[in-house]
Structures are given as C-alpha cells and as structure tokens.
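Below is one structure, written out as structure tokens; comments come after it.
Readers should treat all values here as calculations from the given coordinates under stated rules, not as data from a laboratory. Because the structure is a prediction, the values reported are computed rather than measured. FYI the Cβ positions are ideal-geometry reconstructions off the backbone, even for glycines, and counts take in every protein chain you see.
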Amino acid sequence: MKRCAFFSENCSFNVKLKAISFFFLFSFSSFFVSAQELWGLANSNYAGQMGINLNSASIVGAPYKWELHYLSFGTSVMNNYMYLKNNSQLIRKSITGASISSDNTPDRYIQTDKWAYGSMFLKYPAFIWNAKNFSLAFNTSTRLGFSANKVPYHLAKFIKEGFDYDPQQQLFYTGRGMSMALINWQEFALTGGMILRNESDWYVCAAATLKYNYGLNSFFVNMDDIVYNSSADSLLIVQNLDMEYGHASANDGETSIRNILKKRGVGWGLNYGMQFIKNRNDNFYSPCSSTKDKPYDYKIGVSLIDIGYIKFSTEARTFNFDKAHTDWFGIDTVKFNDIGKTDSLLGKQFYGAFMGARDKREFTLFTPAAFSAQFDYAFGLNFFANLSVIQRIPLVRYAIKRANQIAFTPRYEKKRWEVSLPISFYEQFKPRLGVGFRYGVLTIGSDMISPLIGLTNSYGVDFYFGLSIKNWGKCGKNHRLKKSNTEKCKEPNRS
C-alpha cells in the first residue's frame, strides 16, 4: 500500500482507517484525560484524593486531619486486539525519539469480538477535611473516557489493514451490537461523609459525592447490524446497515483551546460508598499515639461509581441509517477531510442527499457507571492485602462502558511511605502486574508495568502520579509528656 501523510489530500481511506485504529488502540495513553482505578494506591489508608473515586467513604475517619492535593494525573488504555511485543524497548525509544516498528505492534487475529477502553484524568488542587464525626472534600478534574465493545474481528482487521486485505475479500461478513462512546468533560465534585456506627466491634461510615458535569466533547456509535463484502480493493458492498452515530465537538480548523474547552453539554453525577471496619483500633488514627497494633482486623467497602449523565445540545448532531445499503465504488480513493464533510459524504452515499442521514440536534451520554466491592485485610501494623472487584452497570446503550476488573494488591504501608504490587485482571483477559509507591508528597505508579520492562507482550499502557501534603493533627509537647493525663490526650483502648 502506498504510504502517505494522514492529513494529506492524497491519503486514501484505507490508510486513514489504519492510522485511526493505531490511534484509538495505542495513542489514548498519551492523549486522553475514567475509568482508571489506581489499584496500587486507591485502597491505602492514606490514599486521600487518590482513592476517593473508588469509594467516597474512604475519607471518613482517615488517619490525617486534612489533605491538600496539589495535582494528580493518570492515563490508561487496554484492548484485546493489538499489542506491543515483548522486548520492544519502549522506554529507550521514547527517550531517544525513535519510532516503534509496526512489526512490534501486531494484532491478535482470532475470531472473537474485540474491545478497547481508554481513560485519563487530570485533577487540580483539591482538599479533604476530617472532623471527629464527619468529613468533607471537594475536587475538580478534567476527564476523558472511551470504550469500544463487540467490534467484529473482521471489521477490526479491515480497519487495521485496509479493505484491500486479500484474505478477507470476496466474503460476506456480519456484525451485530457494536458500540463506541467517548466523552471529554469537566467535573466539579463535593463529598460529604459521616460515621454511622462506632462501637467496640464494628465501625461503619458512609459518604456521597455530588458531581456537576460540564460536557466538552463527545462521540458515539451504536451499530445494530451490518452485512458487507469487500469485493475488491476499490469496491465495498454494504447489503444492510442499521447504525446511529452522533458527535458534539469543535469543527475541523477550530482547534484553539477556547473551542476545544467550549461548553457543549451539562449533567450531574453521583458516587456513593460505605465501609464496614471490624475491630477498628482508634489509637492508630490518633496523633498522640505510637501504637504497635494493627489498625483493624479487616475492612469491607461497597460503592457506586460514576452514576451520571451529560446532555449535549450545543454543536451536537446525530445521524441514523435504517436498513441502508450501497455499492461503494472507489472507496480506496475516498478522502475524509473534516467531520462535517464526513457526515455529508455518508449521507450522500447511502441516501443520495448530503443531509440524508441527519436526525437530531441533541443527545445524552452516560458516564461509566459501576458497582465496586473492596476487602482489605490487615496482617499487622504495616502489612495489608486487598481484594477488589468492579462490575460495570449497563444503564443504557448511550454510555461509556467501564471495564470489569478484579485486583489483588499486597502492600506495605507506613505514614510517610508505602509500596504495593497490584495484580489485576481487565475484562478477565490477561493478568497485569503493577507497582505503586508513595513517599512524602509524591505518589507514583502503574497498574501495568509490562510495557516499561518489556518482559511480556503488552495490550495497553497505564501510569499515574500525584502530589499532596497531609496534616496529621497536633498532640503538643505537654500531651506527649503527660500521656497518663487522659483528659488531655486519651489513647482509646483497643477492643
């Protein structure tokens, strides 16, 4: 196939599709701002803002008075189709600016549906305040999430190789139930939590997070059915197409920051969480104590995550294809120069009119809703093991779908530093080994270190970091010298 620059007028449809596929499946890690779970640090007793998204109740009764969060960032991408081969020297080539050969990014060409998930967050200055019986927190962040599900293997192959891929030509293929969604939004969140029960055996707390969602850009595709045949390099026969798609984004050429960050939709969201702690050791959470006992026997958490929506009504369009069909001659020379021309081209090809497929001027997309459960066991003062699960909640079709996950994370945790080694399964596909580290103000980690060390094939990329300071509360000199004076500095008994 002849090479060309992606934005060149001479760039063919096939080459552009191939570039798009590489972009969606691998470049998300460097471009996007949801559903990254931060398994290395999210369940730590000192997680703060890095753990509040997994369970809002994690801030209630935390072992610090307040936390000032400066900045955090995380990006993650995972798929079951294309991968980075082991020993591809990703770090060295990234530092030197060398490109990674396409031979090092092959595909997993088997007859199963393909999926991909991408997410990113950029959290700005935020705060957590802990009082005796309640806690408050606020944060604002820029987020982006993407999901693609039930992508037929043959369509994924055509997207990667082009419609001139000989082994799949002159055969009819069918695909059903494919969906894709992308949302970029600004989130403003306020969290409030309180203690529900504080007795000798059980400590129970709950918290809720109310979120205002400010929609920036979005895109979705729901393809109920497609029957097609790539008869030749220049001919695509579509016998049936039942599909709806829509977008709300800056037009091509309007790439200024002002246009990219323009308000195109609004909505609301909710997180809710509870924690049940068995035999909580109050001394562990007191600044006056130097206890050597573990903080609890075990802790159980349950939470609802990202139950929310955004209604896009500015620069929003939807397009509908109902039992559409066409014989597309010359598809190998088709040029897609911008979003508006692409909409018109599809309408003209399938309906004979540029606006033939246009439908509505607004649509609603839902954020990646999920249920999560966490179990944290304390072996001693510093050694812990955590088992957590995330199960997506399929509220509606028009939504980003969150990846189902299971994670087991052993960790060594102290007030000033900690280290963890999460092992997670993403969509029950392949195990991922990560590492998380916190020292002083810095938190850094990855839930998937295989692309960095290059020992195994990598089906994605994951990285996060954060900067924050914590105030542990004051005990005072007199209190330290007079620990027996229970009126001034009482050390609660371990039940």
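The table that follows gives values for the structure above.
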| read-out | value |
| --- | --- |
| Cut-off 17 Å, label 7 Å out along Cα→Cβ of HIS325, residues of the stretch 164-192 by amide N | 171-175 |
| Cα gyration tensor shape for the stretch 371-461, rounded if a/c is under 1.5, else prolate or oblate | oblate |
| Cα-centre dipole for the chain with unit charges at Cβ (Lys and Arg positive, Asp and Glu negative), debye to 20 | 2140 debye |
| Principal axis dimensions, the stretch 150-296 - Cα atoms, whole angstrom, descending | 77, 39, 26 |
| Label-point separation in nm, LEU171 to LEU395, each point 7 Å along Cα→Cβ | 4.0 nm |
| Total formal charge among the other residues, if their Cβ is under 15 angstrom from that of ILE52, Lys/Arg +1 and Asp/Glu -1 | 0 |
| Taking VAL60, VAL435, VAL441 and counting other C-beta atoms within 10 Å, the order from fewest to most | VAL441, VAL435, VAL60 |
| With 5 Å bins from 0: P(r) over the stretch 46-144, alpha-carbon pairs, percent | 2, 10, 15, 13, 12, 10, 10, 10, 9, 5, 2, 0 |
| For TRP185, net neighbour charge (Lys/Arg +1, Asp/Glu -1) across residues whose Cβ lies under 13 Å away | +4 |
| Residue among GLY145, TYR439, MET50 farthest towards the positive dipole end of the stretch 13-481, charges placed on Cβ | TYR439 |
| Efficiency of FRET between ASP297 and ASN471 - r from beta-carbon atoms, R0 30 angstrom, step 0.05 | 0.60 |
| Tail weight of P(r) past 15 Å, computed on alpha-carbon pairs of the stretch 210-295, percent | 79 percent |
| Total charge dipole magnitude, the stretch 266-331, about the Cα centre, Cβ charges on Lys, Arg, Asp, Glu only, Debye to nearest 20 | 320 debye |
| Spin-label proximity, LYS263 to the stretch 214-240 - amide N less than 17 Å from point 7 Å beyond Cα toward beta carbon | 214-218 |
| Order of MET243, MET50 - criterion: other Cβ atoms within 10 Å of each residue's Cβ, fewest first | MET243, MET50 |
| For the chain, calculated [θ]222 nm from helices alone, where every DSSP H run of n ≥ 4 adds -39500 (n - 2.57) | -3000 deg cm²/dmol |
| Difference of contour (0.36 nm per residue) and Cα-Cα distance, ASP359 to LEU452 | 28.9 nm |
| ASP338-TYR439 FRET efficiency (beta carbon distance; Förster radius 60 Å; 0.05 resolution) | 0.80 |
| For the stretch 259-355: Kirkwood Rh in Å [reciprocal of mean 1/r, alpha carbons] | 20.0 Å |
| Compactness of the chain, expressed as Rg and Dmax over alpha-carbon positions, Å | 25.5, 89 |
| Net charge of neighbours whose Cβ lies under 13 Å from the Cβ of ARG108, counting Lys and Arg as +1 and Asp and Glu as -1 | +3 |
| Violating pairs (Cα-Cα greater than 24 angstrom) within the set LYS262/LYS341; LYS278/LYS414; LYS123/LYS294; LYS157/LYS430; LYS160/LYS360 | LYS123/LYS294; LYS160/LYS360 |
| Given charges at Cβ of Lys, Arg, Asp, Glu: the stretch 13-481 dipole, positive-most of PRO451, TYR70, ILE257 | TYR70 |
| At R0 = 41 Å, FRET efficiency that the Cβ-Cβ distance of TRP417 and PHE188 yields, to 0.05 | 0.85 |
| Where labels lie 7 Å past Cα in the beta-carbon direction, separation of ASP201 and ALA385 in nm | 2.5 nm |
